[in-house]
Amino acid sequence: MDKVYNHKEAEDKHYKTWEEKGYFKPEINPDGKPYCIILPPPNANGDLHFGHAMFTVEDILIRYHRMKGDAALWLPGTDHAGIETQFVFEKKLQSEGQSRFDYSQEELYQMIWDFVKQSHGKIQNQLKKLGYSLDWSREKFTLDPEIQKLVYKTFKKMYEDGLIYRAHKLVNYCTRDGTSFSDLEVIHEERNSPLYYIRYGPLVLATTRPETKFGDTGVAVNPNDERYKQYIGKEIEIETVLGKASMKVVGDEAVDPEFGTGVVKVTPAHDFTDFEIGKRHDLPLKQVIGYDGKMNDHAGRFEGLYVKQARAAIVEEMKEKNLIEKVDEGYMNRVGLCYKCKTILEPLPLEQWFVKVDSLRNEAIRVIKEKKVKIHPQVFETHCLQWLENLRDWNISRQIVWGMRIPAWKNKATGEWMVTEGDSPEGMEWEQDTDTFDTWFSSGQWPFVTLKTSKDGDFEKFYPTAVLETAYDILRAWVSRMVMLGTYVTGEVPFRNVLFHGIVNDPYGKKMSKSKGNVVNPLELIEQYGADAVRFALVYGNATGNDQSLSYPKLDAARKFTNKLWNMARFIEMAEKDANQEFGVNNSLRDLKEGTKLKENYEWIEKAQNLIDEVTKYIDSYQFNLAAERLYEFSWHEFADIYIEDIKRSTENESWVVLKSIYVILLKLLHPFMPFVTEEIYQKMSGHGESIMIEKWPSI
RNA sequence: GGAUCCAUAGCUCAGUUGGUUAGAGCGCGUCAUUGACAUUGACGAGGUCAGUGGUUCGAGUCCACUUGGGUCCACCA
């Protein structure tokens with residue numbers, strides 16, 4: 001053996017062999033208990049970021065269960081990531097001086113498809129470099145035809161069950177990206193929004209959005225507000241910059257008498273609260289802002305101005321006409337921004353497909369409360385339930401091309417809708433909706449659509465899956481949706497356990513992001529420290545679910561650990577040369593224990609038994625950090641520092657057999673954490689088996 | 001405005017049913033070693049476990065409050 005472990009040489013070689021020999025397939029343990037993890041599909045629009053290296057936790061579980069003899073399946077896949085990908089692609093187009101408007105829907109789709117294909121190759125390479133024992137023969141992509149078909153089927157079923165409806169409602173609309181978003185995709189930010197006190201006939205009201213006044217169809221006050229009771233139900237005459245108008249005053253509980261003057265203008269077409277008020281009092285919807293973000297013809301001479309310009313111009317004129325009583329310039333409020341481009345979102349009325357969430361949500365809450373789905377660490381269960389309880393109907397229409405086109409057709413003559421499982425209806429009068437599904441509508445079905453379209457029998461065998469492991473930041477967007485949709489479609493929960501890992505920040509504790517330029521590609525670190533060291537460093541010293549900062553000292557410590565393990569093997573090899581024989585390995589600790597005559601051997605066997613017991617318990621309870629710490633501690637400070645130092649004085653052959661046997665146990669226990677170095681050592685040792693990867697997990 | 005998490009050695013963090021002198025990595029000090037170890041080993045310094053009060057025979061661990069930091073959620077015009 002060389003003096004130093006060379007990870008670069010070992011890693012690619014072993015991964016290739018493992019894959020070729022079919023070790024990643026569950027069929028390697030044909031009679032084993034099914035154990036399945038579906039890889040959270042990375043977005044197929046670029047490289048993996050460093051946080052994805054936390055999937056190491058899944059590989060640990062899979063390798064551990066495979067060694068325990070389970071039919072372990074880790075199923076890989078990628079997500080088309082609708083708006084995310086289209087956004088990345090549009091930026092790319094932009095940098096080439098082009099725009100999405102230069103292409104037809106079909107052309108754009110094809111171009112993004114090609115782009116995604118390239119990304120896919122990079123992602124697959126990264127996952128392999130990390131040593132992940134994924135069954136590539138079962139790989140899936142969200143836009144695979146057979147996956148789409150199942151998603152369509154779900155949509156149709158939901159439509160028939162009355163869980164999908166089409167409605168003209170307010171949506172969060174990004175006038176820059178040209179699409180609506182779900183509530184979840186809106187980010188709120190504190191902004192300075194001057195509060196204008198506007199004269200409205202006999203009343204004064206406060207608003208941050210004077211430009212929407214052309215869309216006002218009423219004025220609201222709190223019904224218990226003594227100051228304004230007299231006006232409720234009356235029409236008031238008001239002066240506007242576009243001339244006189246009359247407005248109905250309504251009483252509504254949503255109005256807070258303490259805020260501003262206690263009077264609110266009601267603009268049902270451009271404000272969520274106002275939309276609700278309008279519905280309660282039968283106020284009409286009057287849209288004054290278009291989907292291009294400009295004022296429309298209801299705004300008179302302000303038509304064609306962008307919202308911001310219009311606001312300034314209108315305020316100017318209102319001041320001239322003395323319609324503004326005062327302005328609170330320093331007023332701060334929270335505005336909704338597009339989470340991709342940070343444009344202020346406009347609430348705009350649009351006809352969209354919605355998921356009625358009531359029954360789905362209640363069922364999801366039930367299975368979580370009844371522990372049919374167990375969430376670890378426990379605290380995330382609270383988060384999940386809290387979100388589910390506040391859930392509102394889910395807008396699943398997106399006005400983008402990159403995604404699954406919604407399988408709904410409108411009759412040009414009658415306007416009625418027909419939903420199919422993807423097939424076009426007969427006849428020329430049907431026109432397909434141009435919108436696509438929210439990405440999460442398809443990824444929310446991931447566990448069952450993958451298994452149902454995989455090898456025959458996979459669904460029956462592996463569903464519900466054992467564990468869903470992912471970063472906690474997509475608990476709401478993804479995990480909750482999977483529980484809802486999976487339970488609804490299959491009648492069974494999608495997974496028995498959910499396990500959350502934390503975020504990996506940069507060395508200074510700051511979130512890694514492309515705009516900050518502090519992202520680290522896992523490949524760089526693998527190159528430098530070796531995949532095993534990267535994996536080990538991520539697991540060691542960090543409790544499950546907690547965030548961590550990338551630590552170079554820790555990576556270095558982990559790399560030294562791989563080298564230490566290597567040198568233990570060299571020591572044994574050297575001893576064998578000196579003794580001019582190969583020491584045997586006995587895999588049965590019990591036999592060894594019964595056979596030994598020496599007290600110190602007996603004691604070391606007991607220590608090994610304890611170690612197996614502890615590590616097994618820690619993995620079973622998802623305490624990977626404790627398992628890693630215990631293995632590190634034992635290997636280095638007990639096995640190397642004490643055991644090996646002591647045995648240097650021994651001439652007993654039996655002692656060497658015990659030592660070597662315990663060393664092999666150590667390698668096996670470490671294999672899920674550090675697959676490459678353990679395999680490389682194992683292959684180099686005398687009397688080794690085919691691969692440590694398919695060896696049996698040590699037992700007491 | 002709600003919810004939630006965190007505060008433990010110089011730094012980064014472990015410490016899951018409350019139980020003997022509170023742990024690791026890195027860093028630091030002294031010595032040894034280059035015949036497994038591109039190094040490693042031995043020994044060592046270093047903590048009123050944020051603060052206050054409480055429950056308990058016993059609290060870093062449970063409860064309340066305070067202070068400082070983070071995250072998430074929310075339709076305040």
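The values are calculated or read from the model by the stated rules, or taken from the named source; none is laboratory data. A quick note: this is a predicted structure, and the numbers were derived from the prediction, not measured. So basically every Cβ, Gly included, is an ideal-geometry build from the backbone, and we count neighbours across all protein chains shown. All accessible areas refer to the heavy atoms of the entire protein, side chains included, with ligands and DNA or RNA removed. Shrake-Rupley method; radii C 1.70, N 1.55, O 1.52, S 1.80 Å.
Here is a yes/no grid of residues against (1) closer than 25 Å to A:L337 by Cβ; (2) among the β-branched types (V, I, T); (3) surrounded by 12 or more Cβ atoms within 10 Å (Cβ to Cβ):
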residue	(1), (2), (3)
A:E351	yes, no, yes
A:K356	no, no, yes
A:S359	no, no, yes
A:E363	no, no, yes
A:E370	no, no, no
A:V373	no, yes, yes
A:Q378	no, no, no
A:L385	no, no, yes
A:L388	yes, no, yes
Subject >> Unmet requirement for A:V4, which otherwise passes all of (1) within 16 Å of RNA strand B (Cβ to nearest atom); (2) without any contact (Cβ under 8 Å) to a residue 24 or more places away in the chain >> reply: (2)
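Can you tell me which residue within segment A:682-700, out of those that are under 23 Å from A:K597 (Cα atoms) and surrounded by fewer than 23 Cβ atoms within 10 Å (Cβ to Cβ), is modelled with the highest pLDDT? Lay out the reasoning, then the answer.
Let us first name the residues in segment A:682-700 that are under 23 Å from A:K597 (Cα atoms), namely A:698-700.
Restricting the remaining residues to those that are surrounded by fewer than 23 Cβ atoms within 10 Å (Cβ to Cβ) gives A:699-700.
Working: A:S699: 88, A:I700: 82.
Of everything passing the filter in segment A:682-700, A:S699 is modelled with the highest pLDDT.
Picking from A:E329, A:E303, A:E253, which residue would you name as being within 13 Å of RNA strand B (Cβ to nearest atom) and surrounded by fewer than 20 Cβ atoms within 10 Å (Cβ to Cβ)?
Numbers: A:E329 fails: within 13 Å of RNA strand B (Cβ to nearest atom); A:E303 fails: within 13 Å of RNA strand B (Cβ to nearest atom).
Criteria check complete, one pass: A:E253.
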Subject >> Hits in segment A:269-288 - residues which are over 21 Å from A:D225 (Cβ atoms) and either within 8 Å of RNA strand B (Cβ to nearest atom) or within 34 Å of the chain's Cα centre (by Cα) (or both) >> reply: A:A269, A:H270, A:F272, A:F275
Original post:
Considering only strands (runs of 3 or more DSSP E) fully contained in segment A:295-410, which possess at least 2 residues that are of a type in the set (D, E) and more than 30 Å from A:D114 (Cα to Cα)?
Top reply: A:324-328, A:346-355
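Residues of segment A:545-584 being near RNA strand B (Cβ under 6 Å from one of its atoms) and either within 18 Å of A:E633 (Cβ to Cβ) or not in a helix (DSSP H, G or I) (or both), which ones?
As a first pass, look at segment A:545-584 and keep what is near RNA strand B (Cβ under 6 Å from one of its atoms): A:546, A:548-549, A:551, A:553-554, A:557, A:560, A:563-564, A:567-568, A:570-571, A:574.
Hits for segment A:545-584 are A:N546, A:Q548, A:S549, A:S551, A:P553, A:K554, A:A557, A:K560, A:N563, A:K564, A:N567, A:M568.
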**OP:** Specify the residue that is nearest to RNA strand B (Cβ to nearest atom); the eligible residues are those in segment A:468-496 that are surrounded by fewer than 18 Cβ atoms within 10 Å (Cβ to Cβ) and closer than 21 Å to A:I62 by Cβ.
**Re:** A:I474
Original post:
Which one of these does A:V57 not meet: (1) under 26 Å from A:Q623 (Cα atoms); (2) more than 16 Å from RNA strand B (Cβ to nearest atom)?
Top reply: (2)
Original post:
Any residue at all in segment A:163-170 that is surrounded by 15 or more Cβ atoms within 10 Å (Cβ to Cβ), within 16 Å of RNA strand B (Cβ to nearest atom) and closer than 30 Å to A:K286 by Cβ?
Top reply: yes
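Out of the residues in segment A:592-642 that are among the polar types (S, T, N, Q) and either under 12 Å from A:L666 (Cβ atoms) or away from RNA strand B (no atom under 16 Å from the Cβ) (or both), which is most open to solvent (accessible area, probe 1.4 Å)? Steps first, please.
Step one: list which residues in segment A:592-642 are among the polar types (S, T, N, Q), which gives A:596, A:601, A:609-610, A:616, A:621, A:623, A:625, A:635.
Checking the rest, the ones that are also either under 12 Å from A:L666 (Cβ atoms) or away from RNA strand B (no atom under 16 Å from the Cβ) (or both) come to A:596, A:601, A:609-610, A:635.
Values: A:T596: 24, A:N601: 2, A:Q609: 24, A:N610: 94, A:S635: 0 Å².
Once the filter is applied, the top-ranked residue is A:N610.
Considering each of A:Q124, A:Q105, A:Q110, A:Q98 in turn, give the residue that is under 16 Å from A:T78 (Cα atoms), open to solvent by 30 Å² or more (accessible area, probe 1.4 Å) and not aromatic (F, W, Y). Reasoning before the result, please.
Values: A:Q105 fails: under 16 Å from A:T78 (Cα atoms); A:Q110 fails: under 16 Å from A:T78 (Cα atoms); A:Q98 fails: under 16 Å from A:T78 (Cα atoms).
Unique residue meeting the criteria: A:Q124.
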Subject >> Only one of A:T217, A:T208, A:T212, A:T240 that is at negative phi, open to solvent by 10 Å² or more (accessible area, probe 1.4 Å) and near RNA strand B (Cβ under 9 Å from one of its atoms) >> reply: A:T208
Subject >> Looking only at segment A:634-676, and only at residues there that are of a type outside the set (F, W, Y), under 34 Å from the mean Cα position of the chain (by Cα) and assigned to a helix (DSSP H, G or I), the one that is farthest from A:K599 (Cα to Cα) >> reply: A:P675
Original post:
Given the conditions (1) at pLDDT 90 or above; (2) part of a helix (DSSP H, G or I), which single one is not true for A:V493?
Top reply: (2)
Original post:
Out of the residues in segment A:643-672 that are small (G, A, S) and over 18 Å from A:E695 (Cα atoms), which is farthest from RNA strand B (Cβ to nearest atom)?
Top reply: A:S655
Original post:
All but one of (1) over 26 Å from A:V504 (Cα atoms); (2) touching a helix residue (DSSP H, G or I) at 6+ places or on another chain (Cβ under 9 Å); (3) modelled with pLDDT of 95 or more hold for A:I37; which doesn't?
Top reply: (1)
Subject >> helices (runs of 4 or more DSSP H) wholly inside segment A:48-149 containing at least 1 residues that are touching a residue at least 60 places away in the same chain (Cβ under 8 Å), charged (D, E, K, R) and within 27 Å of A:N542 (Cβ to Cβ) >> reply: A:56-67, A:105-129
Original post:
Out of all the residues in segment A:434-458, which are in a loop (DSSP other than H, G, I, E, B), touching a Lys or Arg at 6+ places or on another chain (Cβ under 7 Å) and more than 16 Å from A:I38 (Cβ to Cβ)?
Top reply: A:D435, A:D438
Subject >> Residue list for segment A:243-268, restricted to those being within 20 Å of A:N224 (Cα to Cα), touching a residue at least 40 places away in the same chain (Cβ under 8 Å) and within 40 Å of the chain's Cα centre (by Cα) >> reply: A:F259, A:V264, A:K265, A:V266
**OP:** Have a look at A:L195, A:L127 and point out the one that is more than 12 Å from RNA strand B (Cβ to nearest atom) and at pLDDT 85 or above.
**Re:** A:L127
**OP:** Report the residue count in segment A:510-545 for those that are open to solvent by 50 Å² or more (accessible area, probe 1.4 Å), acidic (D, E) and in contact (Cβ under 8 Å) with a residue 40 or more places away in the chain.
**Re:** 1
**OP:** Give A:E652, A:E645, A:E679 a once-over and let me know the one that is open to solvent by less than 10 Å² (accessible area, probe 1.4 Å) and of a type in the set (D, E).
**Re:** A:E679
Original post:
Going by the structure shown, is A:Q581 open to solvent by 30 Å² or more (accessible area, probe 1.4 Å) and within 21 Å of A:I62 (Cβ to Cβ)?
Top reply: no
